[in-house]
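We did not get these values from a lab; they are worked out from the coordinates using the rules stated. Please read all numbers here as calculations on a predicted model, not as lab measurements. Neighbour counts are summed over all protein chains in view; Cβ atoms, including those assigned to glycine, are modelled from backbone coordinates with ideal geometry.
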Amino acid sequence: MSLRGKTKREVLLEFRHQEILEAARKVFADKGYSSASVEDIAHAAGIAKGTLYLYYPSKHDIYREALKRGLEALCGDLENKVGAERTCENRIRAFISAKLTWFEQNRDLFKIYYAEYANTVRQPPYLHRDFKGFHERQMKLLTGALHQGVLEGVIRKLPAEAAALAILDIARGIITQRLLGWSRTNVQDDIDFLFDLTWKGLACR
């Protein structure tokens, strides 16, 4: 987030928010939402519990903001990387590369993201508006690239939304393997594998 044009007080407030949310992501990733406490987050952030309440009124508010800011950063990066490309092939590759790389560098957030996704499967009404919105932004990027590929004649006609969901699911599976330490390859190898698998499945024959 740019700090241009902000007062010193606004800069300090933003810095403190960032400190709290970074600490919260680590605590939620390690303990899960239910087991994490406001005291745990305050301790990790190096502040008093009462001070933390000056910034966020509840654990739920901290959790939601930590997830929201993280996914906003992810979606912004995906949109920038995909938007910089012009062909369907390069846009799909850019999406896969940006997503796997981003979560490789932000593993704590992926643990929270994965837990949130699991909650939506167990309890569909649990899916709050922000989380659904970030999912829809990713779907829009992929379906747009797929529709473009059909028009360009480089991929076969297919249900774009189903194909986009499949790409997202496989990407999530690869990221999970890396998070669990089950992958013996580096992240670039996994990016190349997923793109190759995807492109061969989509391309016109």
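Overview of values
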quantity	calculated
Candidates A48, A164, A66: whichever shows maximal mean-square fluctuation once the chain is modelled as a Gaussian network with Cα springs under 10 Å	A48
Inter-probe distance in nm under a simple model that places probes 7 Å from Cα toward Cβ, at L180 and N90	3.7 nm
Neighbour-count ranking [beta-carbon atoms within 10 angstrom, fewest first] of K68, K31	K31, K68
Helical contribution to [θ] at 222 nm, DSSP H n ≥ 4, -39,500 (n - 2.57), averaged over the chain, rounded to 500	-26500 deg cm²/dmol
Dipole of region 63-202, positive direction: furthest Cα of G181, F195, T143, with charges on the beta-carbon	T143
Order of C75, C204 under a 10 Å beta carbon neighbour criterion, fewest first	C204, C75
Charge context of D30, other residues only, Cβ under 10 angstrom, K/R +1, D/E -1	+2
For peptides 177-190, 90-103, sequence by mean Cβ density within 10 Å, most packed first	90-103, 177-190
Sites V38 and K6 - FRET efficiency at Förster radius 30 Å, r taken between beta-carbons, to 0.05	0.65
Stretchable slack from R156 to L168, in nm (0.36 nm times residue separation minus alpha-carbon distance)	2.4 nm
31 Å Cα-Cα threshold exceeded, pairs from K8/K49; K8/K99; K31/K140; K31/K132; K68/K157	K8/K99; K31/K140; K68/K157
Distant-in-sequence amide H partners of I155 (H built 1.01 Å from N, under 5 Å)	V150, C204
Evaluated at q = 0.10, 0.11, 0.21 Å⁻¹: base-10 log I(q)/I(0), Debye formula over Cα of region 1-118	-0.37, -0.44, -1.13
